[in-house]
Each structure stands twice: as C-alpha cells, then as structure tokens.
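These notes are about the structure you will find just below.
The values are calculated or read from the model by the stated rules, or taken from the named source; none is laboratory data. Nothing here was measured: the structure is a model prediction, and the numbers come from that model. Cβ sites come from the backbone with ideal geometry, for glycine too, and all protein chains shown count toward neighbours.
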Amino acid sequence: MLYGCRLNRITRVSASACNVKPLSNIVEATITRATGGSQRSKHVSNVFVVDTSKRPLDPVHPGKARLLLNQGKAAVLKRYPFTIILKVAIADPVVANLRIKIDPGSKTTGIALVNDQSGEVIFAAELNHRGQQIKADLDDRRGVRRGRRNRHTRYRAPRFANRRHKKKCWLPPSLQSRISNILTWVARFMRVCSITNISMELVKFDMQLMENAEISGVEYQQGTLAGYEVREYLLEKWGRKCTYCGKENTPLQIEHMVPRAKDGTNRISNLCLACEKCNIAKGTKDIKDFLVAKPDLLKKILAQAKAPLKDAAAVNSTRWELFHRLEVLELPIECGSGGLTKYNRTMQELPKTHWVDAVCVGKSTPEALQVTGVRPLTIRAYGHGCRQMCLMSRYGFPRTDPKAKHFKHGFKTGDIVKAIVPSQLKNAGTHVGRISARAGSFDIATKTGKVTQIGKKYCQKLQRADGYGYSQRSA
Ligand SMILES: [Zn+2]
C-alpha cells in the first residue's frame, strides 16, 4: 500500500525510471470489476506487484492494481498468478514478510500466503496434481512395449533382477510429479512476493505430543490441542466404532480400558472408544472383568491397543521428500500435524477445503485469521504434452499417423490467448482462455465453456504455456 502513495508523489514518469523492457505483448488488463455498485464486493484475490527490477513488493487489492494500470504506472507482467510490474522505480520499498503454507494432498494441494502479523490471507490456491494420469500413461506404455516385444522377438524368460539400484531419493513418477508441482509453485510465489517462512503439514498425528500429554477426562471432550489430537487418533485407530459392541455412527466417548479409578493411565495404549451404553455398563470395571464372558474379543482388543496405528504415524515418504527438498530453499520450515490443522480450522469455525487447511497448518497460525472473501486460484497440472510418436489402439497397435514435426503457427497447446473474432464469423466475440492448438484451428477453454474452431489470426498470446491450467473459483 505504501508505495501507492509514493507513486502519486512522482508526478512525471521519467524515461530513465522505466528500465523495464518494452512490454509489447501486453494488452489491457481485465481484472474482474467488483460488482454491486457502491457496495463493494468483498470477494477479491490480491494482485502481486514487482518493482522495475522484478523484485517483489507487497501484493495489492485488485482495485489498487487497476488504478495503477489505468494511470499507466504499471503493466501486466503475468496473468497467473496475476502480477503487475511497476514502471517507476521505488527507493527502499518496505515489504511485509509472508509465510507460505502448504497442505500436501494426493490429488490436491492447498497453498496459502499468510501475513502472520495481521492474520490476513493474501493469496490462496488449490493445486490439482496429475499423478493418476501419469500412472495410467506409464501403464499404457508398458503394455504396448510388452505387446510389441512379444510380437517381434522369440520367447525369452523375463529377467527381473537386472535393474540398477535405484537412488535413495527415487520416487515413482506419479509422486515425483506432485513434489515437483509444489516446488514449482513455491518458487513462482517466491518470485512475486516476499516469502520468508514456510509451513507444511508433515504428519497426520503428532505422536510425541500425545505421548507426553498430561490431560484429564474433561479435556478429551472439549478443547485443548492435545486432547483434540488424541481424539482424532483414537477415531482412526478404532475404526470410528465402539470398541466393545462395534456400533457405528453413534457418539463415542473416550474410554480408559484400565479405569482411572484403578490407576489406569492416560497413555494412548490405555484408551479406546465406547458408545454411551457400553461406557455406562463398564463403569469402573477393569476391561478384563468387563469382558470376562468374551475372551476372544478381549484378546483382540488388547492386541490392537498395543499396536501403534500403522499409517497414522504417517511416515509418508512423499511428504518427507517434499520437506527435504524445501529445506534447500534455506527458509525456516515449520511442520504441523494433521490433527493440529483440524484443530485450528475447527477453532476458527472455517469450512473444510484444501486452501483453508493450508491456511491452518502449523502452530504459527494467527488467532485472528482474515479469510472472508478470499477467492482461491485453482491450478491444474497438465504437463508439457507427450512425446509419444503415435497413438495406440487398445491392442497396442499404432492407430494414428506419426506425429507431425511442429505446427508452424507459433502457438502451443496450453497457451493462454485472447481471441477477437469478427462479428460476421461463426464464433464471433472475445474469448480468453487456454488453447488446444491444432494444425488448422484452435479450441479455447474459456470461463463459460469451450469455444471451438478459432482461427489463429484472431488470437493473441497472453501467457505462454507453462504446464498448468487456471480458473478462479468464487469463494
Ligand atoms: Zn458399545
């Protein structure tokens, strides 16, 4: 905000101040205008700002950005995430430090930029991965290669043990792509705003917190973080049903197998879940006395009580790998547990979405979060096209001609274009979106739907293909 005032003080835009390269490919900005007349819509997505030498400044409200653009003090640098570049140099800008918060998921990763001091959510995004797609493609390829080998060579027994050792950091391509997606976006955000801290969700449950927790009865039901984490853990461990009678979809209470009255501890291994009926029936009996008539069940419960929850301890290789690769950025990384995220989110009464989860990751989460009106940017990973020579039929035979070398029209699938089609033509009007480039004409995926058969001469490139597709969701 500060440099807005400074800008106004500069009366004339001197040529020397504009040490930006000429922004010839830049067209006028199309920032969504806040609707509702005098009552301004609160649903905004902040605009990133960089100075003349592309150093990040504080992100601004879209209204401010529009003003700067209209006054010719800035130009559009990037469409997604929307970034403007100032044309006037600013001496010693004051930039607020932001924290990038990541909630890695298998299909979708939530990303949020939060100002720890003010609690303001500056920007939010949901990144959709393409792990499944990669797996399917590789399976296809393997099938085709095996089929071809069987057709063209004599039989030879398969040899499995002739592979080189995999590197320690090796991950399957589908998981690797998730990590790469996240790292790409952390790097991109670091280029357009001042990020000084990273928070990520690393584990599902914080085992240490639970082991050390000195908590008594009431706290399990309401309140403290440790109690909350314990409850989530137990629900997972005992399958969300009553340990004694197996009843599901009923309110469950935390149960001490060896009751507190008989010196039972609060340790996780002494806790289970019971429905109200069973809990009352058991009372202060020891579990061995309570289940004296059901020795099989008793044996099963005692065995399960001792076994730690396998995947909940969450040695999640992908997340750890992400953690190690984020360490390279040399920013302080704060790790949170899934239980803590949920606790933060529930305490602030926020809905469950990927980006809200990201906002709530970690202990640093500000108490007064400002999340109203944040419109997350949905980012979908598309990859950079395939290198397959020709497509296969379901039997593994080539079904298309070999791929032509390159299209000569200068566009690529994934480019964001603006097409202005004259009124006498079929798809008349202005269309903005991601294109699928063909030899003859393009298809444009616009906000309102797909427009087909747009000639290349009506298209103007707004942003080069970068392997992702974008859409802005309403809050
Ligand atoms: Zn029960």
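Some observations on this one:
- Every residue from segment 229-258 that is more than 9 Å from the ligand (Cβ to nearest atom) and closer than 15 Å to ILE301 by Cα: LEU234, LEU235, GLU236, LYS237, TRP238, GLY239, ARG240, ILE254, GLU255, HIS256, MET257, VAL258
- Taken as a whole, segment 443-456 holds at least one residue that is surrounded by fewer than 12 Cβ atoms within 10 Å (Cβ to Cβ), farther than 24 Å from VAL76 by Cβ and small (Gly, Ala, Ser).
Yes/no matrix, rows are residues, columns are (1) out of contact with any Cys (no Cβ under 6 Å at 6 or more places or on another chain); (2) within 16 Å of the ligand (Cβ to nearest atom); (3) over 29 Å from SER180 (Cβ atoms); (4) modelled with pLDDT of 85 or more:
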position	(1), (2), (3), (4)
LYS285	yes, yes, yes, yes
ALA293	yes, yes, yes, yes
ALA307	yes, no, yes, no
ILE333	yes, no, no, yes
TRP355	yes, no, no, yes
PRO376	yes, no, no, yes
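- Residue within segment 424-435 that is surrounded by 18 or more Cβ atoms within 10 Å (Cβ to Cβ), farther than 18 Å from ARG79 by Cβ and touching a strand residue (DSSP E or B) at 6+ places or on another chain (Cβ under 7 Å) present: no
- Identification of strands (runs of 3 or more DSSP E) wholly contained in segment 365-475 with 2 or more residues that are under 30 Å from PRO62 (Cα atoms) and touching a helix residue (DSSP H, G or I) at 6+ places or on another chain (Cβ under 6 Å) yields 416-421.
- Subset of segment 254-297 that is surrounded by 15 or more Cβ atoms within 10 Å (Cβ to Cβ) and free of Cβ contacts under 8 Å to residues at least 24 places away in the same chain - its residue that is nearest to GLU236 (Cα to Cα): HIS256
- Residue count for segment 224-241 under the criterion of being in contact with an Asp or Glu (Cβ under 8 Å, 6 or more places away or on another chain) and at negative phi: the result is 4.
- Boolean, LEU23 is aliphatic (A, V, I, L, M), in a helix (DSSP H, G or I) and either touching a helix residue (DSSP H, G or I) at 6+ places or on another chain (Cβ under 9 Å) or at pLDDT below 95 (or both): no
- Segment 268-283 - residue that is more than 21 Å from LYS306 (Cβ to Cβ) and in a helix (DSSP H, G or I) and, of those, nearest to the ligand (Cβ to nearest atom): LYS277
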